[in-house]
């Protein structure tokens, strides 16, 4: 199945442990908005530290919220110049 996905790419000097933590924080924030079960059922995301990348599915309201929160937190904590994000269509990411 093909789905809309936000693809994040990070500069090689980026602390990917921090990126993983920020993605989990964004997920926790989405739980506050949509509930734990909605995140569990509707959200898919992953972080690939070795590839300096992350993905968040964008096809649901919950996934969109995670992506928006993740992007805002990244911009604040590592700066907008340290990453890029694009929307694409691909298979399920998690």
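Points to keep in mind about this one:
- Given (1) surrounded by 13 or more Cβ atoms within 10 Å (Cβ to Cβ); (2) at pLDDT 95 or above, index of the condition residue 11 fails: (1)
- Selection status of residue 32, free of Cβ contacts under 8 Å to residues at least 60 places away in the same chain and outside any helix (DSSP H, G or I): no
- Residue count for segment 34-64, restricted to those that are at pLDDT 95 or above, surrounded by fewer than 21 Cβ atoms within 10 Å (Cβ to Cβ), closer than 15 Å to residue 3 by Cα and touching a helix residue (DSSP H, G or I) at 6+ places or on another chain (Cβ under 7 Å): 0
- Residue 62 vs. criteria part of a helix (DSSP H, G or I) and farther than 13 Å from residue 22 by Cα: yes
- The numbered conditions (1) under 14 Å from residue 90 (Cβ atoms); (2) part of a strand (DSSP E or B); (3) within 9 Å of the chain's Cα centre (by Cα) are all true for residue 3 except (3).
- Selection within segment 65-94: residues that are part of a helix (DSSP H, G or I) and in contact with a strand residue (DSSP E or B) (Cβ under 7 Å, 6 or more places away or on another chain). The member of this set that is surrounded by the fewest Cβ atoms within 10 Å (Cβ to Cβ) is 82.
The values are calculated or read from the model by the stated rules, or taken from the named source; none is laboratory data. Only a predicted model underlies this, so the values are computations on that prediction, with no experimental measurement involved. Backbone-built Cβ (ideal geometry, glycine too); neighbour counts: all protein chains shown.
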